[in-house]
Amino acid sequence: MVAFEVPLAGLAGRGARRVSALVISIARMELRRRAKKLRSDENLGLPVSYLLPRSYYPGSQGPPSFMERSLRLGDLQVAILRVLWDEGEATVARVHEALAGKRRAPTTIATMLTKMERRGIVEHRVEGRQFVFRPTISEQEVTRSMVADLTQRMFEGDVSALVSHLITEQEIEREELVRLRRMIVERERKEGAS
């Protein structure tokens, strides 16, 4: 426990209450700081991966995979992921260079990568004094998740309504229509064979 000695001699009434409130506030801040320090993995001397996944414990399903939960990504996050998918891995400077037309500061890119890492979308390794980031999810997973989310939010899960909207609202060339028909026929074959 933190002990503070505050001379209250000569203080009475409101003055004493103010000092007491200040001392209590300082004590609470110190206790929060110490509790946070104790919870920190680095201060325990344990590796970050010392915890077993929730799925290890009986009766637990574990965290949902990216396939099961929707990913809502902003334009900058998708642009960063496209660079990482193309390059395999990249530093903040390389991502910034690749997104030169986007007019984003390197610090903005670094902040966004840190947020994406907290969400489990990217991870990093240290090379010299730089972090080298790589995606933890594929472009196909992101596309599937975002289209499923769009279908659910905008078309109440009705895939045919989504396709109908795309066909009626978008300019589609004849070659694309032929390709779409082939895809539908192929899908019908697969469904019939199952």
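Here, each number is a calculation from the coordinates, and none is a lab measurement. Predicted, not measured: the structure shown is a model, and the values here were computed from it. Backbone-built Cβ (ideal geometry, glycine too); neighbour counts: all protein chains shown.
Residues that are of a type in the set (D, E, K, R) and assigned to a helix (DSSP H, G or I) within the range 171-194 comprise 174, 175, 176, 179, 181, 182, 186, 187, 188, 189, 190, 191, listed in sequence order.
Within the range 106-133, being surrounded by 11 or more Cβ atoms within 10 Å (Cβ to Cβ), in contact with a strand residue (DSSP E or B) (Cβ under 9 Å, 6 or more places away or on another chain) and of a type in the set (A, V, I, L, M, F, W, C) holds for 110, 113, 116, 121, 122, 131, 132, 133. For the range 171-194, filtering for residues that are β-branched (Val, Ile, Thr) and either within 16 Å of residue 160 (Cα to Cα) or touching a Ser or Thr at 6+ places or on another chain (Cβ under 8 Å) (or both) leaves 2. Quick check on residue 168: is it within 30 Å of residue 95 (Cβ to Cβ), in a helix (DSSP H, G or I), hydroxyl-bearing (Ser, Thr, Tyr) and out of contact with any strand residue (DSSP E or B) (no Cβ under 6 Å at 6 or more places or on another chain)? Criteria not met by residue 168. Evaluate the following for residue 161: is it among the small types (Gly, Ala, Ser), more than 27 Å from residue 181 (Cβ to Cβ) and without any contact (Cβ under 8 Å) to a residue 24 or more places away in the chain? Spelling it out, it is not the case that residue 161 is among the small types (Gly, Ala, Ser), more than 27 Å from residue 181 (Cβ to Cβ) and without any contact (Cβ under 8 Å) to a residue 24 or more places away in the chain. Among the residues making up the range 136-165, a single one is charged (D, E, K, R), exposed (fewer than 12 other Cβ atoms within 10 Å of the Cβ) and outside any helix (DSSP H, G or I): 156.
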